[in-house]
Amino acid sequence: MSVLLSDYLQQQQQKYTVTPFLPEVIISISQACLHINREVRLGALDNILGSAHTGNIQGEEQKKLDVLSNQIMIDTLSANPAIAGLASEEEDSFVTANDNGQFLVLFDPLDGSSNIDVNISIGTIFSILAKPDGTLTTESFLQPGRQQLASGYVLYGPQTILVLTLKHGIAMFTLNEQNQFQLTQENPQIPAATAEFAINMSNQRHWQPAMQNYIAQLLAGKTGCRGKDYNMRWVASMVAEVHRILIRGGIFTYPQDQRNPDKPGKLRLMYEANPMSLLIEQAQGAATNAQQNILDIQPEGLHQRIAVVLGSKEEVDYVTAMHNAS
Ligand code: P6P
């Protein structure tokens, strides 16, 4: 008997003390992602490929689908009275939704935008926090990742897959022919050891020496300090890399870049690193900024960037120890 997302959420409520109305927030997110999924799958047929000829606060060119996905998330989530506020990669500041809402939802509406026009996997990443008492301000959102109530992503790949944690393990749902998210896997365990790494090698000359040394050791294979040959992957879509790691292990890193000392990394803490790190830790993996657990970092800004090293625990611990010893 198939278990749909709504059934799973009901089971979670029965097994654990799930915050009231949190399941309804997740259903709203899934409905927005179903809408985004339809647009992604239409592509050129709906004239939504290519540049929107606008930029976001990150200084990045926005694709038409970035702008459309962002609006779908805002419109759909704002209609849920339980949601007080939203924060998006595509919005300079937070968006006020409902004054009496109890939740904050942070998201990257379409991660991996450079892949949109070339039909490579992209995804929506989301993070759910409790709204603190009092007036909604930017500071309401600046909570360490360990305080997330839930997080997940929808991967628009060969299958459309929703991956979710409410901090009692991970559930994976595949979109079925009735356009419903159907439970297909639970509680993946990331192998502690790996022989597969994901990094954008073109930035090698800009990394800190510790990262340059580590990657050089991996490339040395059996003669390197890790004593084994490694394989490499780079999809340029964090959602796809994290999904691969949840399924078969590996290490993903977007390290600090010495060109931008004031920007410790490319990826954003609040709506990329934190939600993904929660999933990785729920699957027995590890996630650091090469110095400390990402989930323990006190955020300082809504669009704060951070270095990310995540995946198989043994490998992440090794890289983190190398950086802390350097
Ligand atoms: P690069 C996508 O733009 C993203 O934010 C992540 O999803 C991805 O891992 C990274 O940037 C890719 O960056 O520099 O390789 O294009």
What is the distance in Å between the Cα centres of the stretch 222-250 and the stretch 1-62?
27
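Ordering Val40, Val242 by how much accessible area each has at a 1.4 Å probe, largest first, what is the list?
Working: Val40 30, Val242 0 Å².
The ranking, largest first, comes out as Val40, Val242.
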Skipping prolines and chain starts, which residues have an amide H placed within reach, meaning under 5 Å, of the one on Arg233, given they are 5 or more residues away or on another chain?
Phe197, Ala198, Ile199
For the chain, the count of lysine pairs 8 or more apart or interchain whose alpha-carbon atoms are under 25 Å apart comes to 10
Once R0 is set to 30 Å, what does the formula 1/(1 + (r/R0)^6) return for the Cβ-Cβ distance between Arg205 and Thr174, expressed as a FRET efficiency to the nearest 0.05?
0.15
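Given axes a ≥ b ≥ c from the Cα gyration tensor, I'd like to know whether the stretch 186-237 is rounded (a/c under 1.5), prolate (a/b larger than b/c) or oblate.
Judged from the Cα gyration tensor, the stretch 186-237 comes out oblate (a/c at least 1.5, b/c at or above a/b).
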At what distance in nm do the modelled label points of Gln304 and Asp317 sit from each other, each positioned 7 Å from its Cα along Cα→Cβ?
2.6
Sequence-distant or interchain residues sharing an amide H contact under 5 Å with Asp111, placed H: which?
Gly123, Thr124, Ile125
Cβ-based charge dipole, the stretch 99-247, positive-most Cα from His243, Pro109, Thr194
Thr194
Quick one: angle between helix 5-15 and the longest Cα principal axis of the chain, in degrees between 0 and 90, rounded to 10, please.
80
Any idea how far apart Ser6 and Lys222 come out in nm if each label point goes 7 Å out from Cα toward Cβ?
5.7
Quick check: convex hull over the Cα atoms of the stretch 5-186, volume per residue in Å³, rounded to an integer?
116
Per DSSP, loop trypsin sites (Lys or Arg not before Pro) in the stretch 169-263 with at most 10 further Cβ within 10 Å:
Arg259
Using only the alpha carbons of the stretch 140-204, what is the convex hull's orientation-averaged projected area in square nanometres?
7.8
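Within 12 Å, Cβ to Cβ, of Ala195, how many net charges do the neighbouring residues add up to if Lys/Arg are +1 and Asp/Glu are -1?
On the way: positive: Lys222, Arg226, Lys228, Arg233, Arg248; negative: Glu196, Asp229, Glu314, Glu315.
Combined, the nearby Lys, Arg, Asp and Glu give +1.
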Please report, as a whole percent, how much of the solvent-accessible surface of the stretch 135-280 comes from carbon and sulfur atoms (probe radius 1.4 Å).
49
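Which value in Å does the Kirkwood hydrodynamic radius of the stretch 20-88 take, with 1/r averaged over all unlike C-alpha pairs and then inverted? Present the calculation step by step, with values, prior to reporting the outcome.
On the way: mean 1/r = 0.0762 Å⁻¹.
After inverting the mean inverse Cα-Cα distance, the result is 13.1 Å.
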Net charge dipole size for the stretch 5-186 [Lys, Arg +1 and Asp, Glu -1 on Cβ; Debye, nearest 20]:
520
Scalar couplings 3J(HN,Hα) for the stretch 146-162 by Karplus 6.51 cos²θ - 1.76 cosθ + 1.60 (θ = phi - 60°), nearest whole Hz, x for Gly and Pro, are 5, 8, 4, 7, 6, 7, x, 8, 10, 9, 8, x, x, 10, 9, 10, 9
Name the long-range amide H neighbours of Ala52: under 5 Å, sequence gap of 5 or more, or other chain; modelled H, no Pro or chain starts.
Gln62, Lys63, Lys64
To the nearest 10 degrees, the tilt of helix 64-78 (Cα long axis) against the first principal axis of the alpha carbons of the chain is 50
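Based on the Cα coordinates of the stretch 196-325, what is the per residue volume of their convex hull in Å³? Please report the intermediate quantities before stating the final value.
Details: hull volume 13.1 nm³, N = 130.
Convex hull of Cα atoms, per residue: 101 Å³.
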Tabulate in residue order the Karplus-calculated ³J(HN,Hα) for the stretch 24-38, using 6.51 cos²θ - 1.76 cosθ + 1.60 with θ = phi - 60°, rounded to whole Hz; enter x for Gly and Pro.
5, 5, 5, 4, 4, 4, 5, 5, 5, 6, 5, 5, 4, 4, 4
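Quote the FRET efficiency, to the nearest 0.05, computed for Lys167 versus His35 with a Förster distance R0 of 25 Å and r equal to the Cβ-Cβ distance. It would help to have the intermediate numbers written out before the result.
On the way: r = 27 Å, r/R0 = 1.07.
Once rounded, the FRET efficiency stands at 0.40.
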With +1 at each Lys and Arg Cβ and -1 at each Asp and Glu Cβ, the charge dipole magnitude of the chain around its Cα centre, to the nearest 20 debye, comes out at 920
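What GluC sites (Glu not before Pro) does the stretch 139-230 have in DSSP loop regions with at most 16 other beta carbons within 10 Å? The partial results should precede the final answer.
Working: sites: Glu139, Glu177, Glu186, Glu196; in loops: Glu177.
In loop regions of the stretch 139-230 (DSSP not H, G, I, E or B), the sparsely surrounded GluC sites (Glu not before Pro) are Glu177.
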Quick one: the Cα spread of the chain along its three principal axes, in angstroms, biggest first?
57, 46, 45
Farthest towards the positive end of the dipole of the chain, among Gln178, Ser78, Gln282 and with Cβ unit charges of +1 on Lys and Arg and -1 on Asp and Glu, lies the Cα of Gln282
If you fit an axis through the alpha-carbon atoms of helix 313-325 and take the longest principal axis of the Cα set of the chain, what angle between them do you get, 0 to 90°, nearest 10?
60
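Please check the chain for the longest run free of chymotrypsin sites (Phe, Trp or Tyr not before Pro) that are loop-located per DSSP (anything but H, G, I, E, B) and have at most 15 other Cβ atoms within 10 Å. Kindly include the intermediate steps, with their values, before the conclusion.
Values: sites that count: Tyr16, Phe21, Trp234.
Maximal segment without exposed cleavage sites: 22-233.
Dipole of the stretch 196-325, Cα-centred, from +1 at each Lys and Arg C-beta and -1 at each Asp and Glu C-beta, to the nearest 20 debye?
Values: 13 positive and 12 negative charges, 80 e Å.
Magnitude of the dipole: close to 380 debye.
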Step through the residues of the stretch 127-140 one at a time and calculate ³J(HN,Hα) from phi using the Karplus curve (6.51 cos²θ - 1.76 cosθ + 1.60, θ = phi - 60°), rounding each to whole Hz and writing x for Gly and Pro.
9, 10, 10, 7, 6, x, 4, x, 5, 6, 9, 4, 4, 4
Rounded to the nearest Å, what's the spacing between the alpha carbon centres of the stretch 66-112 and the stretch 128-164? Just the number, please.
10
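The values are calculated or read from the model by the stated rules, or taken from the named source; none is laboratory data. Because the structure is a prediction, the values reported are computed rather than measured. Here the Cβ is made from the backbone with ideal geometry for all residues, glycine too, and neighbour counts use every protein chain on show. Accessible surface is based on the protein model in full, side chains and every heavy atom, while ligands, DNA and RNA are left aside. Shrake-Rupley method; radii C 1.70, N 1.55, O 1.52, S 1.80 Å.
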